[in-house]
1. Sort out which residues of segment 454-472 are surrounded by fewer than 21 Cβ atoms within 10 Å (Cβ to Cβ), out of contact with any Gly (no Cβ under 9 Å at 6 or more places or on another chain) and modelled with pLDDT under 95, and write them in order of number.
2. I'm checking my understanding of the structure. Among residues of segment 207-235 that are among the hydroxyl-bearing types (Ser, Thr, Tyr) and within 16 Å of Leu182 (Cα to Cα), which one is farthest from ligand 2 (Cβ to nearest atom)?
3. Scan segment 277-301 for residues that are in contact with a strand residue (DSSP E or B) (Cβ under 7 Å, 6 or more places away or on another chain), within 16 Å of ligand 1 (Cβ to nearest atom) and part of a loop (DSSP other than H, G, I, E, B) and jot them down.
4. Which residues, taken from segment 212-249, are part of a helix (DSSP H, G or I) and of a type in the set (Lys, Arg)?
5. Collect the residues in segment 342-397 that are within 26 Å of Ser534 (Cβ to Cβ) and basic (Lys, Arg), keeping them in residue-number order.
6. Can you list residue pairs whose Cβ atoms sit under 9 Å apart, with the first residue in segment 201-222 being more than 17 Å from Ser396 (Cα to Cα) and the second being open to solvent by less than 10 Å² (accessible area, probe 1.4 Å) and among the acidic types (Asp, Glu)? Count only pairs 6 or more apart in sequence or on different chains.
7. Which one of Ala577, Ala510, Ala517 is more than 24 Å from Ala463 (Cα to Cα), open to solvent by less than 20 Å² (accessible area, probe 1.4 Å), out of contact with any Phe, Trp or Tyr (no Cβ under 7 Å at 6 or more places or on another chain) and away from ligand 1 (no atom under 15 Å from the Cβ)?
8. Just name the residue that is farthest from ligand 2 (Cβ to nearest atom) out of those in segment 45-65 that are in contact (Cβ under 8 Å) with a residue 40 or more places away in the chain, of a type outside the set (Phe, Trp, Tyr) and open to solvent by less than 10 Å² (accessible area, probe 1.4 Å).
Amino acid sequence: MGKNIVQKILDDHIVTGTAQAGQEAGIKIDQTLTQDATGTMAYLQFEALGFKRVKTEVSVSYVDHNTIQEGFENGDDHKYLQTVAAKYGILFSKPGNGICHQVHLERFGVPGKTLLGSDSHTPTGGGIGMLAIGAGGLDVAVAMGGGPFFLTYPKVIKVELQGVLRPWVAAKDVILALLEILSTKGNVGCVVEYGGKGVESLSVPERATITNMGAELGVTTSVFPSDEKTRVFMEAQGRAKSYRELKADADAEYDRVIKIDLSTLEPRAACPHSPGNIKKLSELKGIKVDQVLIGSCTNASYRDIMLVAKLLKGKKVAENLTLGVACGSRQVLQMVSANGGLAHIIASGARILESACGFCIGNSVAPGTDAVSVRTSNRNFFGRSGTTSAQVYLASPEVAVAAALSGEMADPVEYFKNFDYPVIEQPSQFTIDDSMILPPSEKPDQVDIFRGPNIGDPPVNIALPELLKGEVTVKVGDKITTDHIMPAGNRLKYRSNIPKYAEYVFEREAPDFSSRALQNKNSGLYNFIIAGDSYGQGSSREHAAICPMYLGVKMVVACSMERIHRANLVNFGIIPAVFESREDYEALQKGDLLEISDIRKCIADGNAVTIKRESDGATFNLRVELTEREKELVLAGGLINATKGA
Ligand code: MIC
Ligand code: SF4
């Protein structure tokens, strides 16, 4: 039987485990990327694990998230990251060089290779035919040290693309259409592989928009074939030598096939407050818009920004609204400034924002009270923009410009009907200037690592006790994202200071959580988090596990859980348990005192776990499905303890 692309790459990289869907497999990682908001902790862990040099083919440390730098903390983190990179053999992409995923695609992505990144949108690399996976920083630290990355050998969903997109319908509409079909939950353990004739019409940056936002499906990653379009892109990036063709065998099999006819798609938007809440623009037109933001790792390629420039040329942004534009990388910014595109954007009345994450993570340009914001980014979780009452819609650059010019939601097909759709040709040669990517030091022994006062040691956990007794310190609903658990925005600067950052766990959901949990911890009780379906959606931030661990959380019990967050919990010694029935979830309440008398034995034996509620003696059955490797981590109190033999 032939192989699909996912199987080909995985089978080339598997070093341990079983190549069978649902089983755990360990794979070799060729490349890693980190960004500054997750990277500081990842490198602190790399150091704590005692590694002396990265063993990957390429490891890059990007600075793109915390670039507002209110106070000394982020600047210090950047310096720490730069010195660590110089010492341990890592390339360092300076702030201003662009967003990690965009820069990595341009300068480092190689078809057929594996990429592990401490950011959930690492699957952007699937646009160039990589198997690119997002993970917690600790998993990336292990991979940098040469250890395997463990994942569930996936089921593969083929998305068969037919036809060609109509003018004004964009790559973003393809992924929004897929989100409409698959939704944001229930896809754990799957990879999406694109195929079909329709693939040929999509450029690498368009494919990358699709694989980037595939993260919102909750799949492990998404991947496109590597073909002539890939070759042309790599050649234009001066990297033709790294190109290789990659396609599925004709008789490859898939677990599911979904067909999308590109020529029938209409412009869409994800409505507040979920990337899965999709509506067609025809249903949204007329909604007044206060803010339009174009940028992020999803839609800020040369193609996207040039399209925006051409659409804005000679026009003015509507009076009632603010438009902000951020190029995804310095390469894009250099090119659109050299060819005059930037001048049209400036002349239209747009604000030019830094080539960084910026607005996407809510650390700048927060909308006003009740404001409607249309963005080309990938997440519109409640409060993520920095304003809880804001209504954030996610859409293509085409939709964003139609809104910016008209002042309201407008279907670009209709709005631009008297305008020729600008075809943006891929340049035969992109501007190549890697001067903001610093190579590691040639004299690593002489590099002193800089540590500012905000940088603490990674917190130490204790091994799992035999008697687990504690309080339900918080009970949350369905689809709780890591943005709900561990807010980013203006709290981001505390990423390297766990005791301080831990004060903000569930800041909006349960403002008393942190103090209550700490009080329990100090009086010898543990904390339980009770949650509904799809707990831990969204980002890879391991702080959503580290900070609860620091506060004495030993178990999360949810109706279901997302992949990266579940792995992060295990890495930090928190048991990821699942309710046998939804009624049990309904029955447990905040404040309940719970007890498991023989938890170590249950975990070690792989038995079902039963919790007893102290007040009435009621019992609740839980499933704790852990591999032998994961059991060891949970029993030891996390990966660092297990590695050090604690
Ligand atoms: C995000 O888009 O949510 C982030 C910020 O990039 C996160 C990483 C982080 O929290 O630092 C992600 O996607 O993993
Ligand atoms: Fe940055 Fe936003 Fe992309 Fe996350 S989703 S990497 S915050 S641009």
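1. Within segment 454-472, Ile455, Gly456, Asp457, Pro459 qualify.
2. Filtering first and then ranking leaves Thr220.
3. Listed by number, the residues that qualify are Gly295, Ala300.
4. Lys229, Arg231, Lys241
5. Arg375, Arg379, Arg384
6. The qualifying pairs are Ser222/Glu193.
7. Ala510
8. Within segment 45-65, the match that is farthest from ligand 2 (Cβ to nearest atom) is Gln45.
The values are calculated or read from the model by the stated rules, or taken from the named source; none is laboratory data. What you are looking at is a predicted structure, and each value in this text was computed from that prediction instead of being measured. Using ideal geometry, Cβ is built from the backbone for each residue, glycine included, and neighbour counts are taken over all protein chains shown. Please note that ligands, DNA and RNA were not included when accessible areas were found on the heavy atoms of the full protein model with its side chains. Shrake-Rupley method; radii C 1.70, N 1.55, O 1.52, S 1.80 Å.
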